[in-house]
Amino acid sequence: MAAVQTAQPVALDSEMIEQLRSRLRGELLQPNDDGYDAAREIWNGMIDKRPALIVRPAGVADVVSAVNFARERDLLLAIKSGGHSVAGNALCDGGLVIDMSSMRAVRIDPQTQTAYVEGGAQWGDLDHESAAFNLVTTGGVVSTTGVAGLTLGGGIGWLNAKYGASCDNVLAYDIVLANGSYVRASADEHPDLFWALKGGGGNFGVVTGFVFQMYPFDGQVLAGARFYPLDKAREVLEFYRDFSATTSNDVINYCANWINPATGEYATAIAFCHSGGLEAAEREMAPVRAFGDAELDIISPMPYTAWQQAFNPLNPHGRNYYWKALLFTSLTDDVLDIVTQHGAQRPTVTSFAIFEQFGGAYGKPGKTEMAFWPREARYQLVISGSWDDPAFQEPCIGWARGLHDALAPHALNGRNLNFAVVEQDERTDRVRASHGDNYDRLVQIKTKYDPSNFFRVNNNIRPSV
């Protein structure tokens, strides 16, 4: 039996399935097929969903066939890119999943300084190809994250102060719409859809390709982290707040409680990435080098592509994750006190709360210039309850929610939806608040391009019909 959008589950008979298979160049997987269980695994091990069908398209034609098949049968549809959706929106139970992981090509054009990136590519794919041409754009901080999911939700990383959010640098989207048509959205073609895709998430179709603006870059950064004793957490957070308020657009700083790799003990760390040349980086880094008695300093020159992979071990595939996130315009003493207190109560050594800095080019676009709304934010706190032992599920979720709820009165009303599990009972209000004054326009565009809410397994914007 298969899950459908609006009615009772229906049977997909073998003739229907073979008709779909005959239209595909890529794979079609069912629950008893070899490879099915591997295909339904995603980054967050907490998510365990069993779709009736998984299509792994080899190209755009396969995506069109899968969309048409699902729409004609009113099947629930989910889109999987990198599979890094912490909320599990890459999968659905009983419906059809379009798994884009076979479409990972990246083509760099050094003359126009652009990159064409297929919808199943990961950030490591783009980093690898662009580095060969000394080009770069803002990507995520875990290299196995899907380009599509991160960018459609906005997209932040170590270069956001220099080049803005990931969505700021998209010049065009190739997308299969709910009616099966294939269009390009850009400033000149379907400009309303282009506006909506810059932060509106997966609400409007299956994006099969992105055209990114790239920027000249020598590939070297000064990056790493300094680790301090956990009992110095409040002092470190205060220094982080003051230092991050003074840095240039070449710098992004994070601050979190992590395991010190040298001692195996919990510690407080400042992570740093400077992309403006090593000599300038050492000058700007000097206050961090001079601050406090660090247990460990692992800041050094390295390739940007290496730093892009440095956080992968902290977020391994298959661990259980429950994330909440909040945005701040500033870090008050009350905020630092709450984080210090709750951080010391973490339920597992793999749980953490991390401040991420925004700045410079990130805040340059007007809030209504594109769908991505939270431009006044200067910091994000990502709260990660994470566990391997099932016995820690409830403590980790409770800790993440508790810290989130304690900080919410001090935070902006909206959220960066890429970084949070939004509870079902608050989803509509949270999505609305996170899009701010752009929400009503997004509803209009959703109604135009997807009036039946066919693409609904996401941070959903409901059409008005």
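Residues being among the aliphatic types (A, V, I, L, M), in a loop (DSSP other than H, G, I, E, B) and surrounded by 17 or more Cβ atoms within 10 Å (Cβ to Cβ) are entirely absent from the stretch 343-355. Screening residue 76 with (1) in contact with a Cys (Cβ under 8 Å, 6 or more places away or on another chain); (2) open to solvent by less than 30 Å² (accessible area, probe 1.4 Å) gives one miss only, at (2). Looking only at residues of the stretch 14-61 that are farther than 26 Å from residue 176 by Cα, among the acidic types (Asp, Glu) and in a loop (DSSP other than H, G, I, E, B), we find that the one that is least open to solvent (accessible area, probe 1.4 Å) is 33.
Listed conditions (1) on the phi > 0 side of the Ramachandran plot; (2) open to solvent by 10 Å² or more (accessible area, probe 1.4 Å); (3) under 20 Å from the mean Cα position of the chain (by Cα) are all met by residue 171, apart from (1). Might you let me know whether the stretch 308-316 holds any residue that is small (Gly, Ala, Ser) and under 14 Å from residue 86 (Cβ atoms)? No, the stretch 308-316 contains no residue that is small (Gly, Ala, Ser) and under 14 Å from residue 86 (Cβ atoms). Screening the candidates 344, 400, 406, 411 for the property of being closer than 27 Å to residue 168 by Cα, in contact (Cβ under 8 Å) with a residue 24 or more places away in the chain and not polar (S, T, N, Q) yields one hit, 411. Reported count of residues in the stretch 279-291, each being in a helix (DSSP H, G or I) and either within 22 Å of residue 227 (Cβ to Cβ) or touching a residue at least 60 places away in the same chain (Cβ under 8 Å) (or both), is 9. Looking at (1) closer than 24 Å to residue 223 by Cα; (2) open to solvent by less than 40 Å² (accessible area, probe 1.4 Å); (3) over 18 Å from the mean Cα position of the chain (by Cα), can you tell me which one residue 287 breaks? Against the list (1) closer than 24 Å to residue 223 by Cα; (2) open to solvent by less than 40 Å² (accessible area, probe 1.4 Å); (3) over 18 Å from the mean Cα position of the chain (by Cα), residue 287 comes up short only on (2). From the list 312, 416, 320, the lone residue that is surrounded by 23 or more Cβ atoms within 10 Å (Cβ to Cβ), of a type outside the set (A, V, I, L, M) and within 24 Å of residue 144 (Cα to Cα) is 416.
Among the residues making up the stretch 185-229, those that are out of contact with any helix residue (DSSP H, G or I) (no Cβ under 7 Å at 6 or more places or on another chain), outside any loop (DSSP other than H, G, I, E, B) and open to solvent by 50 Å² or more (accessible area, probe 1.4 Å) are 191, 216. Looking across the stretch 259-275 at every residue that is open to solvent by 20 Å² or more (accessible area, probe 1.4 Å) and in contact (Cβ under 8 Å) with a residue 60 or more places away in the chain, the one that is nearest to the chain's Cα centre (by Cα) is identified as 259.
The values are calculated or read from the model by the stated rules, or taken from the named source; none is laboratory data. The shown structure was predicted, so the numbers you read here are calculated from the model rather than taken from an experiment. Cβ coordinates were reconstructed from backbone atoms using ideal geometry, including for glycine residues, and neighbour counts include every protein chain displayed. Heads up: the accessible areas ignore ligands, DNA and RNA and are worked out on the full protein's heavy atoms, side chains in. Shrake-Rupley method; radii C 1.70, N 1.55, O 1.52, S 1.80 Å.
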